[in-house]
Amino acid sequence: LVRTASSTVGRFGRPDAPTISHDIVVERLREVAKLVATEMTLRDVVIYEQTRFRSTKRVLLVVTGRVSAGINLNTAKIEIDSSSRQVTITMPPAQITSVDVTNVTTYDESAGILNPFTPADRDEIQPRIRAQLRESAQRSGILEHADQAAAKALRDFLSLGGYSVDVRRPLALERPTG
């Protein structure tokens, strides 16, 4: 990360101060292009219900999953001010990078004679499980935690050679509720 501008001794008997170039920072960021900043294990209840021909099938599942969130550093913007020894990184907002379902337990399943469970029903339930785990993780603050953890990791990763690191995030627009 830090390269010495000159290996020779400067005019006043001291070696030149190490400098950081844009290329060096970009190279280091590419090494960790997708920074997984937070991982959360969740347990949630999923209910699937479908009525057809006045016959209702219903299943109650307890699901456990691992949700990961992180930052894609390929889109980060980097500014370096060598005179003030400042590196400024504007990082994109955190995103959920993966949802892994680790366990599904069926607690209640009922189907009518005219509306039995089919493999297609089970195939339809899987994306619902992943979507519900994703939503639960977002409500639990996984994205905010990932933003904070990534900012700290970037500061620790790049603050060598006397440079200070300022990590910025673009303003996020809040979705209206209601």
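None of the figures in this text is laboratory data; all of them are computed from the coordinates on show. Just so it is clear, the structure is predicted and the values come from calculations on it, not from any experiment. Positions of Cβ are generated from backbone atoms using ideal geometry, with glycine treated the same way; all protein chains shown enter the neighbour counts.
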Nitroxide proxy distance, nm - points 7 Å out along Cα→Cβ at SER55 and VAL104: 2.2
Rounded to whole Hz and in sequence order, give me ³J(HN,Hα) for segment 76-88 from the Karplus expression 6.51 cos²θ - 1.76 cosθ + 1.60, θ = phi - 60°, writing x for Gly and Pro. 5, 9, 10, 10, 10, 10, 5, 5, 9, 6, 10, 10, 10
Expected unfolding gain across GLU135-GLN95 under the 0.36 nm per residue rule, minus the alpha-carbon gap, is 13.2 nm
Taking a crude spin-label model, label points 7 Å out from Cα along the C-beta direction, the VAL46 to ASN74 distance in nm is 2.9
